[in-house]
Amino acid sequence: MAKHSMVLPQGVVFGNESIGQRLIKRRRLVSGIGLCLNDKSKFSFSVKDLRGKSCFPEGLRGLNNLGSTCFMNCMLQALLHAPIFKDYFLSDGHDSEDCKRRTMDRLCLICDINAVFLAMYSGGRTPYSPARFLYSWWQHSANLANYEQQDAHEFFIAMLDAIHEKEDITGKGSKGNGGECQCIAHKVFYGLLRSDVTCMACGFTSTTYDPFLDISLNLDINISLVEKGKKLTKQNEDDNMSTLLGCLDLFTRPEKLGPDQKLYCQNCQERQNSLKQMSIRKLPLVLTLHVKRFEHSFVKKLSRKIDRYLQFPFSLDMTPYLSSSILRARYGNRIFNFGGDESETFSKFEIFAVVTHSGTLESGHYVSFVRLRKQWYRCDDAWITEVDEAIVRASQCYMIFYVQKTLFNNANEDLSHLPNSPGREVFIPIAGCC
């Protein structure tokens, strides 16, 4: 059940007051001003300013919608609680003063992201308006500078790319010892995909590697089962439901390329029919899975949204989808070392955020859910609501954020909560807070 109702203590009677008087008294009640109950009241207590204290964890604050900006708000809420990424900004990982001196830029997207983090974790409880960040974003992406609804996934990728470009200019995006970019976007979200294309005539395999910041998944029509390392499938009893494991199974399943996709075989010295198989060579610290819910057919000139329900786990083991597991299944014990360094020890993930989309392709709304400790919170622009996990499971997920289990446990151990108001016996919603 969502905590989103107004409960008044006994003894508070409005009588024949006007609507205006009731509104004034309600505002006073919410802010804790002028609330006096007699000693005989069952709910006799003193309520202080509830806007300064909350039962919610620190950093959980509403974001005002600035005009069809729910796509931006939901992604900001997910990133605001992404381990490592959050720690970077809260520990002055980006020095705004130094950035201004070195780049001489009047506008800096990362500086404005940093300002959002500082404002959200300042202890304030009223909704925050990320107007300066939006303006900075418009300057960076002029083609999106309007009040039309945008795609949350495209915004997520574009923002990480912008962070990478900016830190590359300031020198923080330099290559490390392993040749990987050291910018915060790549440190947290960067992973590596392996693509094997096998010639069906001679068996020669060509391998390529591609970096990723997220993985886009097609909705499956089968349920994937994993038993003793072997993947089996069975027909889904509910044609309107998919599973995340089934989508990952589909993503890493060998795919026969069509006649018009014949690739050149180095061994045969000619184009041949081929099998292509994807796997994950390196897992990121934060694994972002994007569900392809929007279809665009250039042939039929049609676009539509897929409302199919997706069942997703809160704990996810990515071992079956690693390159090492795929190669063992393909070649057996003949493969012992293929030069990979993706540790299977860190293949277990825990969910911490979900971005959902409701409505149609033309008219929809984005909402995010964030998981702090063992509690879920619904972030709907300015409104933050405590919800049960059943509501999250039933949502129409569009993007799912997982973090490595060890990081998730550490983040929950370090998470601090603001103290509760003393003597609090009723739940009073605050605009943009409860």
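The values are calculated or read from the model by the stated rules, or taken from the named source; none is laboratory data. Bear in mind that the values here come from a model prediction, so they are computed numbers and not experimental data. FYI the Cβ positions are ideal-geometry reconstructions off the backbone, even for glycines, and counts take in every protein chain you see.
For this structure, a couple of remarks:
- All positions within region 357-371 that are crowded, with 22+ Cβ neighbours inside 10 Å and under 14 Å from R293 (Cα atoms): H357, Y366
- Filter result for D239 (in a loop (DSSP other than H, G, I, E, B), farther than 30 Å from V403 by Cβ and modelled with pLDDT under 90): yes
- Here F369 clears all of (1) under 19 Å from V286 (Cβ atoms); (2) modelled with pLDDT under 95; (3) not aliphatic (A, V, I, L, M) except the condition numbered (2).
- Any hit, region 292-299, residues being within 21 Å of V355 (Cα to Cα) and surrounded by 16 or more Cβ atoms within 10 Å (Cβ to Cβ): yes
- Number of positions in region 385-398 that are more than 11 Å from F369 (Cβ to Cβ) and crowded, with 20+ Cβ neighbours inside 10 Å: 1
- Failed item in (1) under 15 Å from T126 (Cα atoms); (2) modelled with pLDDT under 90; (3) surrounded by fewer than 21 Cβ atoms within 10 Å (Cβ to Cβ), with S54 passing the rest: (3)
- Residue within region 266-277 that is within 23 Å of L316 (Cβ to Cβ) and either at pLDDT 85 or above or in contact with a helix residue (DSSP H, G or I) (Cβ under 7 Å, 6 or more places away or on another chain) (or both) present: yes
- Residue that is farthest from the chain's Cα centre (by Cα), among those in region 70-94 that are of a type in the set (S, T, N, Q) and crowded, with 18+ Cβ neighbours inside 10 Å: N73
- Taken across region 308-316, residues that are out of contact with any Cys (no Cβ under 8 Å at 6 or more places or on another chain), without any contact (Cβ under 8 Å) to a residue 40 or more places away in the chain and assigned to a strand (DSSP E or B) do not occur at all.
- Condition met for S324 (under 20 Å from L289 (Cα atoms), at pLDDT below 95 and of a type outside the set (D, E)): no
- L327 vs. criteria more than 19 Å from the chain's Cα centre (by Cα), at negative phi and not β-branched (V, I, T): yes
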